[in-house]
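Written below as structure tokens is the structure these notes are about.
The values are calculated or read from the model by the stated rules, or taken from the named source; none is laboratory data. Since the model is a prediction, treat every value here as computed from it, not as a measurement. We place every Cβ from the backbone using ideal geometry, glycine too, and count neighbours over all the protein chains shown.
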Amino acid sequence: MPSEHDGHRLRLKHRFLKSGLDDFEPHNVLELILFYSVPRKDTNPLAHRLINRFGSLSAVLEAKPEDLMKVDGVTENTAVLLSMLPQIARKYLEDKTDVSDLVSGIDDIGIYLMPKFVGRTVETMMLAAIDNKGKVISCSIISEGESTRASVSKRKIMEEAIRVGAEKVVLAHNHPLGFAVPSDEDIEMTEKVYALLKTVGIELLDHIIFAHDDFVSLAASGIEFRKKF
């Protein structure tokens, strides 16, 4: 015989099928997700516990699995499911992006790169390589982790640019906990990379900083990282 929880689950699923998630509260969204890892239980209390613990739906989805499992009722399956969602969103957005349509300017490259930082909670440095026709031919991760600007190998950037046959490149990294504002360290590192790439005939077009749903281009901001060379 169907339980009260079964009826609630069915109503919430039908509500989603009828009108999508637009009118769902954050805890309702989380509750619906939890149906698929917590069988035959009321997931509403767990959804509230998670949001109370981490502060928001996005913070829950960005939490480390080991931190999620500290919340009463969160199993490993639930932690894996929740942690997968931002990365699935990133893969979806990357798949929707047609590179051939996004190479006419720095703004377009910024729009192309933005999905690649969705769900990333640590600082990540990427290199977008561009061929002689102005098309993005690859985008690779150069470094991940805290203070990646300090630890990134400038020679690794050069080697990757040469390996993929780039004529020009764009550097990009994120500020997961801050704003899309270039630091003095960002500018200094950009100057050094520009100089190194110039020795092998590759032009560094820009360094783009991402934070949340915003990005800032050093070149478009008037920051002259080429002035010393």
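Numerical summary
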quantity: Wholly within segment 119-214, helices (runs of 4 or more DSSP H) carrying at least 3 residues that are out of contact with any Ser or Thr (no Cβ under 9 Å at 6 or more places or on another chain) and outside the structural domain of Met84 (by TED's automatic domain parsing); calculated: 154-163, 184-198
quantity: Leu30 vs. criteria assigned to a helix (DSSP H, G or I), buried (at least 17 other Cβ atoms within 10 Å of the Cβ) and in contact with a Phe, Trp or Tyr (Cβ under 8 Å, 6 or more places away or on another chain); calculated: no
quantity: Filter pass, Ile208 being under 23 Å from Glu62 (Cβ atoms) and in contact with a helix residue (DSSP H, G or I) (Cβ under 6 Å, 6 or more places away or on another chain); calculated: yes
quantity: Hey, Glu167 modelled with pLDDT of 85 or more and acidic (Asp, Glu) or not; calculated: yes
quantity: For Glu76: the one exception among (1) under 18 Å from the mean Cα position of the chain (by Cα); (2) without any contact (Cβ under 8 Å) to a residue 24 or more places away in the chain; calculated: (1)
quantity: Cβ pairs under 9 Å, 6+ apart, first in segment 176-201 and under 20 Å from Ala220 (Cα atoms), second surrounded by fewer than 15 Cβ atoms within 10 Å (Cβ to Cβ) and of a type in the set (A, V, I, L, M); calculated: Glu185/Ala150; Met189/Ala150
quantity: Condition met for Lys168 (in contact (Cβ under 8 Å) with a residue 24 or more places away in the chain, out of contact with any strand residue (DSSP E or B) (no Cβ under 9 Å at 6 or more places or on another chain) and of a type outside the set (A, V, I, L, M)); calculated: no
